[in-house]
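These notes concern the structure reproduced below.
Please treat every number below as a calculation from the coordinates, not as lab data. Keep in mind that this is a model prediction, so the values were computed, not measured. Every residue, glycine among them, receives a Cβ derived from its backbone with ideal geometry; neighbour counts consider all protein chains shown.
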Amino acid sequence: MNQILEKLVSFLSRLFTALSAILLFLVIIFIARESLQIFREVNFFDFISGISWNPLAREPKAGILPMILGTVYVSIVAILISLPIGIGCALELAALENERLKSFCTSVLGVLAGIPSVIYGFIGLLVVVKFLEKNFLLAAGESILSGGIVLAVMVLPYIVSSAAETMEKSYKQYKEPSLALGVSKSYMLRALILPNAKGAILTAMILAFSRAMGETMAVMMVIGNSPILPQLLGKGETIPALIALEIGTAGLGSLHYHALFSAGFVLMMLLIFLNALLYLIKKNLTENLH
Amino acid sequence: MKKKLLPAILLVASLAFALVGCSNPTGATKPVDDGKAQFKSEIKFYGSTTLAPVLSQLSQLSQLSTNFNEHYGTWDKVDSQFEKKDIAIYVSGAGSSAGVKSVIDGVSDFGMASRKVSADEKAKIEGYQEFKLGMDALTISVNPNNNLTKLKDSLTSDEIKKIFSGEFKTWHDVDPSLPATDIVVVTRDIGGGAHEVFQKAIMGDSQIRADVIQAPSMGALVTKIMENENAIGYASYGMVNQNKGKLAPFKVDGIEPSAENILSGTYKISRPLIILKKGTLLPQEKAFMDYVVSNEGIDVIEKLGFVPNK
């Protein structure tokens, strides 16, 4: 009886693993199928390098370069802001001896990650956008910068949690030798823990980057959604925002519809590429350790 | 080995069926189907985000005590001929065009549209029926702190066109006594129902400027105007009424966006609020639609700031 149960469990787990793997491929195939049709009308190179987006005009134009750049730009700004904060926070958490304070901080970060993105977007609209309007004398505060700031807060927990894990391990490892040598805590953090966590920081960065690229709602609310080439203090549009805004009104099977799917396809390829990079780095790291 | 595979497959199959069962919103109360056509207890509304709150208020539990669900709860209380089943009315907003599309594709029971349904679209719907609930208008609104409101209370179509097309870049271009601060133009998504109405009524063949802020919802558009002194946008009439004093609507070509002008069609930028249906209504659908067009329905439409069709 037990044996049957065991076989069954192993069979089921294999089945569901296969299902979830197949699901990924089905999604890719579906999106690819829906998006490839546009390339009968628009050349692929024109599609990703064109700078005007107007699929509903009499002479439809579908160029998504502004959106690709906007997506990357916003994510880079977000990482630039959150990486220093995140690393500092992770170092502090790793070196924190007070367990209660530590678990409190960790759970605060957990809650930060759990806040729905539309809330972030709303706060961004009322606080960040307003702040930029007042202090940078902008007519409209909707900009790449405001998108970057909102995203920076959103990806912070991801950076902290993935960096803190490794740092904590190496802190435990080097704590006693450092104490024995009479090295100060700050020197230990700077000279031992930080260089040791290089790989983890890089992983955290890529993870946060791909998370930032896919974020839709919060960015859409604060970035202005103008399909123009992005500037730090100017408006822009990201690929997820473009799709979310327009897919509801795109006629089924129209050029507009296929163009949106193709934009999604490009985004997905970018993300897969980033994930592959992440995998390679992780593999390299574990091999170096052994 | 082979022998053990069969029970495993059976178990997986039964598990799959169990999971399918979960997706049924009526749950375990599903009566045994004895050859009769099953009584449909759900009605799905899909489409315009402007109309969605109206129908949700009418159908879902809300602060209003006069709504359909709270009154009746189960269908048999609406009419004794109906079966005793929970009333389930689902409303989801996704835009007018999506609403029309859903009716064409037959994935919803009713579509909601806050624009005219084109002849092309009507041709694709067999047995097309529509229920006109009322009218909404797009008002050309600015922030009350905008000094333009002190200078004039009416804009001509041509001025609006120049502002939205980018020919007027700063408020100074609109009126020489105003400072040269940039005009912040806020629109809904280009290609959506609201923009289509605006494009037809004002822009004609002119293109809207490229660097407008495309707000993801009418609420976001209005928030932007309330937050930014340099913003101008087409806030819906309902929204202006819900936020009295926080928005300053202009007359268009000297005509005020008032209930009478909107209903008579004198005010240019207006749009109908329509519920559309493919084919005939089931008795329970008819019961609900009767309720929607009743006095209580009109009340809700009015409360949300639209102009009901009386």
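Brief remarks on what is shown
- Rounded, prolate or oblate (a/c below 1.5 giving rounded, otherwise prolate when a/b exceeds b/c) for region A:1-98 by Cα gyration tensor: oblate
- Euclidean distance between Cα centres, region A:223-289 to region B:128-173, Å: 34
- Shape call, region B:137-270: gyration tensor on alpha carbons, a/c limit 1.5: rounded
- Inter-chain Cβ neighbour count for A:134-141, averaged per residue, equals 4 (cutoff 10 Å, partner chain atoms only).
- Among A:196, A:209, A:155 - extreme Cα towards positive end, dipole of region A:49-289, charges at beta-carbon: A:196
- Proxy reagent accessibility, fewest Cβ within 10 Å first, across A:213, B:112, B:289, A:67: B:289, A:213, A:67, B:112
- Distance in nm between pseudo-label sites at residue B:182 and residue B:39 (7 Å out along the Cβ direction from Cα): 6.1
- Note on region A:117-238: semi-axes of the ellipsoid equivalent to its C-alpha gyration tensor, largest first and rounded to whole Å, are 39, 15, 12.
- Charge context of residue A:204, other residues only, Cβ under 12 angstrom, K/R +1, D/E -1: +2
- For trypsin sites (Lys or Arg not before Pro), the sites in region A:47-125 that DSSP calls loop and that have at most 10 other Cβ atoms within 10 Å are A:58.
- Pairs from B:116/B:161; B:200/B:278; A:235/B:200; B:152/B:246; A:7/A:282; B:132/B:200 whose Cα-Cα separation, in the structure shown, is over 24 Å: B:200/B:278; A:235/B:200; A:7/A:282
- Dipole magnitude of region A:49-289 about its Cα centre (Cβ charges: Lys, Arg +1; Asp, Glu -1), debye to nearest 20: 320
- Average beta-carbon neighbours from other chains, 10 Å sphere, peptide B:213-226: 4
- What the Cβ-Cβ distance of residue B:253 and residue A:179 gives, at R0 = 60 Å and to the nearest 0.05, is a FRET efficiency of 0.15.
- Taking a span of 20 Å or more along the helix axis (Cα atoms) and a mean Kyte-Doolittle hydropathy of at least 1.0 as the rule, the DSSP H helices of chain A that qualify are A:2-36, A:65-95, A:198-214, A:255-289.
- Cut-off of 10 Å, at most 14 other beta carbons, DSSP loop: longest stretch of chain A lacking such GluC sites (Glu not before Pro): A:98-290
- Each Lys and Arg adds +1 at its Cβ and each Asp and Glu adds -1 at its Cβ; summed about the Cα centre, the protein assembly as shown shows a dipole of about 1480 debye.
- Residue exposure sequence - B:271, A:33, A:211 - by fewest surrounding Cβ within 10 Å: A:33, A:211, B:271
- Partner chain coverage, peptide A:213-223 - average Cβ within 10 angstrom: 1
- Global geometry of chain A, whether rounded, prolate or oblate, following the gyration tensor of its Cα atoms and the 1.5 cut on a/c: oblate
- Highest-fluctuation residue, A:50, A:248, A:234 considered, GNM on chain A with Cα pairs under 10 Å: A:248
- Charge dipole (region B:48-190, unit charges on Cβ, about Cα centre) - positive-most of B:97, B:141, B:123: B:141
- Using equal-weight Cα scatterers in the Debye expression, the normalised intensity of region A:42-190 in log10 at q = 0.09, 0.10, 0.13 Å⁻¹ is -0.47, -0.55, -0.78.
- Considering only A:284, B:180, B:257, and ranking their Cα positions along the charge dipole of the protein assembly as shown that arises from unit charges at the beta-carbon of Lys, Arg, Asp and Glu, the one farthest toward the positive end is A:284.
- Taking Cα centre as origin and charging only the Cβ of basic (Lys, Arg, +1) and acidic (Asp, Glu, -1) residues, the dipole magnitude of region B:137-270 rounds to 220 debye.
- The protein assembly as shown - convex hull of the alpha-carbon atoms, volume per residue in Å³: 231
- Summing charges over all other residues whose Cβ lies under 11 Å from the Cβ of residue B:90, with Lys and Arg as +1 and Asp and Glu as -1, gives -1.
- Cross-link partners for residue A:175 among the lysines, with Cα-Cα distance under 23 Å and sequence neighbours closer than 8 places in the same chain left out: A:102, A:185, A:198.
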